[in-house]
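Peer 1: Supplied in structure tokens, the structure appears directly below.
The values are calculated or read from the model by the stated rules, or taken from the named source; none is laboratory data. As the structure is a computational prediction, the values presented were derived from the model and not from experiment. Note that we place each Cβ from the backbone using ideal geometry, even for glycine, and neighbour counts take in every protein chain shown.
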Amino acid sequence: MLRVLGLSSITFNEFVERVSVTILNALLFYSISSYLNVTQYFFFGEGVVIVLSALLPYVLAPALTLLYVTSYSFGSLILGRAQMISIKSVEDFISMLILLVIIPIAIEAKFTSLQGFVTSESLVGPSISFLFLGVGLAEKGRDIRSNLVAALPVLYIPIDRVLNSSSLNYTFVIFYIIGFLLFLASALLFSQNGPLSISGLIPLYVGVALVTGEGFTSENAIFPTGLAAIVNAIPTGVNLISSVSQGKSVFQKEKNEILNAIDLKLRLVNSIKTGSASLPQDLVKALDLCEQSLKEQSNKISECTDNSCLNERRREYLEVSESLDKTINDTIFKIIIDYNSKVSNLRKYGINMEELQIPPQLKISDTDINIITKILITIDRNTFLVTNKVNQMLEGLEAVIGGNYSRVIITDFSSLDKLTLVLGDKTVIGRIEECLSIQADLLRELRMSSFSDEKIKLSRKVNQLLIEQFSLDKLQSSINVSKESVNLLNKYILYLANKKEELYKIALPEVKDYIKTLEELSRAMKENIPSCEVIKRSFSLLNLLNDVDTIVSDIDSISALSQLLESLTDVINYKINEEGCIKMAELGIDPKYGRYIVSWLKGTGVNATIKEGSICKG
């Protein structure tokens, strides 16, 4: 319905004008009907006027006002009651046409306002119309020119009285002039946007009383002023309520913004707390301080009920926030410095860890919290990795050099110095170096004919470790290479032990002892004894192992030699007993096998030695 009437998007002033003009048009139509003696279909006409005034106020107001001016001035002529147009009628028509029609039309055309017609129509028609005299002027926030021009139709009252007065009283003329000037003053004041506009009621009230000449207690002075007060006060009241509401809304918005900022910082502080499994104590204290301070600020701001309090608390919060940012930045800076110091100290013991770079100035913000969390995670990860590496190394030490070593438990990087107690143990370092040295000698001296490639490769590793500076990596590599050495020895001993059937066939007296020793060594390797102990035992049996290796490497020739010796037993015994010596060339035996002949003879109860390619009685 409002859209049909054109009221869906109008201002308060336009609404007042439309309502006023609709009422005034209805009253004016009544006056026109009276002047023209039109009684038939009056109520229908009133209905049409009301509807058209609501729909087309800018058209109907000028039309009805002009019709009224015409009927008022020439009604008698129109009804046939007079035959001529009097000078008075012409004077009335001209003054009314200019003041009540032309001036309002000019206002309507220039300012798209019905103010002029509200003023002009309130001056004519039934006496109740006079109630709207101040409405057109009292509109708040109108253009000053529009308000001033809208006051001009008021001149119709004194002009009409002057034209229709038989004697001119200059005192009344002065009152009229002063009254009109007061109208202009009220129009000027009413046009203001601020609360000052309501002061326009004073000159309006006095002006109406002077212009009408009816006094200050007259209804025609009081009621128009009262209605004007309502028209002007409503926007002022609405603006005041809106201003208060908007002020409260702005206040609450600003308050919520600060509280949200504090809440965000609290969430960021908590995200730091949950960003690391083991926070440094300095950081825990700093975060607790931040959390406590922020909650205090939040409580203080929540208690504020006015802007003065809020501004003071905002200033205090910004100072606290800046101080907390500095606290977090200084704490992180100290943590990085302490961490890098620990890393530098551990490097002296051969532990290589990643150092951290000092970040730019940090604050409790989304971006910087990610940087802080990354720093803490890096510290935790590096601490865990190196601790885990050392503990694995300790486990390896137990398997390599024996002993029981307590595992290192580190909750945060400040305890990293515990690692130096392990890595700085001279006894451990000495035993590892000794083990490497024995391995190097063993791998160099032990023949290992069937595993020469593996032995050479492993020997290079051991020799390389021997010349390296001590470090955690060297320690771990030493453990690994010791295990490799034991694995290779285990394969080698097992290989030799698996040749026992062939060794038994060569009938050398020491073979039984060799096989027994190999089996004992093989069993020892399967037992839970340190790798270095296995290496030492193997090194102590170096000659035996090399002898067995030599036999196994030439097992076919030695087996053939054993059979040959069995067939020549009588010849060999005779020669040695009768002549004292027998040349190995006479037996067709290579001199390199002489020691096996001596060993075989010993098994038959004959002591013999090798002299210049001969086997002689010992």
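Peer 1: Only one residue in PHE93, PHE190, PHE172, PHE183 is among the aromatic types (Phe, Trp, Tyr), at pLDDT below 85, closer than 16 Å to ASN220 by Cα and in the same structural domain as GLU17 (by TED's automatic domain parsing), so which one is that? Show your work before the answer.
Peer 2: Numbers: PHE93 fails: closer than 16 Å to ASN220 by Cα; PHE190 fails: closer than 16 Å to ASN220 by Cα; PHE172 fails: closer than 16 Å to ASN220 by Cα.
When all the criteria are applied, what remains is PHE183.
Peer 1: Considering only residues that are surrounded by 14 or more Cβ atoms within 10 Å (Cβ to Cβ), at pLDDT 90 or above, assigned to a helix (DSSP H, G or I) and of a type outside the set (Phe, Trp, Tyr), which ones fall in the stretch 442-456?
Peer 2: Of all residues in the stretch 442-456, those surrounded by 14 or more Cβ atoms within 10 Å (Cβ to Cβ) come to 442-443, 446-451, 454-455.
Still in the running and at pLDDT 90 or above: 442-443, 446-448, 451, 454-455.
Next, only the ones that are assigned to a helix (DSSP H, G or I) stay: 442-443, 451, 454-455.
Within the stretch 442-456, LEU442, LEU443, GLU454, LYS455 meet the criteria.
Peer 1: Further, regarding this structure: Please tell me if ARG313 is farther than 23 Å from GLU257 by Cβ, among the charged types (D, E, K, R) and more than 20 Å from the chain's Cα centre (by Cα).
Peer 2: no
Peer 1: Out of the residues in the stretch 248-275 meeting the condition of being polar (S, T, N, Q) and within 17 Å of the chain's Cα centre (by Cα), tell me which one is farthest from LYS300 (Cα to Cα). Can you show your working first?
Peer 2: As a first pass, look at the stretch 248-275 and keep what is polar (S, T, N, Q): 249, 252, 256, 260, 270-271, 274.
Checking the rest, the ones that are also within 17 Å of the chain's Cα centre (by Cα) come to 260, 270-271, 274.
Values: ASN260: 14, ASN270: 21, SER271: 24, THR274: 27 Å.
Once the filter is applied, the top-ranked residue is THR274.
Peer 1: Testing GLY275 on (1) at pLDDT 80 or above; (2) outside any helix (DSSP H, G or I); (3) not hydrophobic (A, V, I, L, M, F, W, C), one condition comes back false. Which one is that?
Peer 2: For GLY275, the failing item is (1).
Peer 1: Take LEU466 and tell me if it is exposed (fewer than 15 other Cβ atoms within 10 Å of the Cβ) and either over 30 Å from ILE358 (Cα atoms) or of a type outside the set (Phe, Trp, Tyr) (or both).
Peer 2: Judged against the criteria, LEU466 is a match.
Peer 1: Let me ask you something else. Can you tell me which residues in the stretch 502-522 are closer than 17 Å to SER557 by Cβ and among the acidic types (Asp, Glu)?
Peer 2: GLU502
Peer 1: I need the full set of residues from the stretch 114-128 which are in a helix (DSSP H, G or I) and surrounded by 22 or more Cβ atoms within 10 Å (Cβ to Cβ), in order please. First the steps, then the outcome.
Peer 2: As a first pass, look at the stretch 114-128 and keep what is in a helix (DSSP H, G or I): 115-123, 127-128.
The answer is GLN115, GLY116, PHE117, VAL118, THR119, SER120, GLU121, SER122.
Peer 1: Residues LEU394, LEU423: which one is surrounded by 15 or more Cβ atoms within 10 Å (Cβ to Cβ), of a type outside the set (Val, Ile, Thr) and modelled with pLDDT under 80?
Peer 2: LEU423
Peer 1: Right, something else. How do the pairs read when you match residues in the stretch 600-615 that are in the same structural domain as ILE506 (by TED's automatic domain parsing) and surrounded by 13 or more Cβ atoms within 10 Å (Cβ to Cβ) with residues anywhere that are in a loop (DSSP other than H, G, I, E, B) and of a type in the set (Gly, Ala, Ser), using Cβ under 7 Å and keeping only pairs 6 or more apart or on different chains?
Peer 2: Within 7 Å, no pair qualifies.
Peer 1: Follow-up. Is it the case that some residue within the stretch 145-157 is part of a loop (DSSP other than H, G, I, E, B), of a type outside the set (S, T, N, Q) and modelled with pLDDT of 80 or more?
Peer 2: Yes, because at least one residue in the stretch 145-157 is part of a loop (DSSP other than H, G, I, E, B), of a type outside the set (S, T, N, Q) and modelled with pLDDT of 80 or more.
Peer 1: Sort out which residues of the stretch 79-89 are modelled with pLDDT of 70 or more and within 21 Å of ASN37 (Cα to Cα), and write them in order of number.
Peer 2: Of all residues in the stretch 79-89, those modelled with pLDDT of 70 or more come to 85-89.
Those that are modelled with pLDDT of 70 or more and within 21 Å of ASN37 (Cα to Cα): ILE85, SER86, SER89.
Peer 1: Okay, next question. SER559: among the polar types (S, T, N, Q) and surrounded by 17 or more Cβ atoms within 10 Å (Cβ to Cβ), yes or no?
Peer 2: Working: among the polar types (S, T, N, Q): yes; surrounded by 17 or more Cβ atoms within 10 Å (Cβ to Cβ): no.
In short, no.
Peer 1: Okay, next question. What is the one condition in (1) without any contact (Cβ under 8 Å) to a residue 40 or more places away in the chain; (2) under 23 Å from SER553 (Cα atoms) that LYS583 does not satisfy?
Peer 2: (2)
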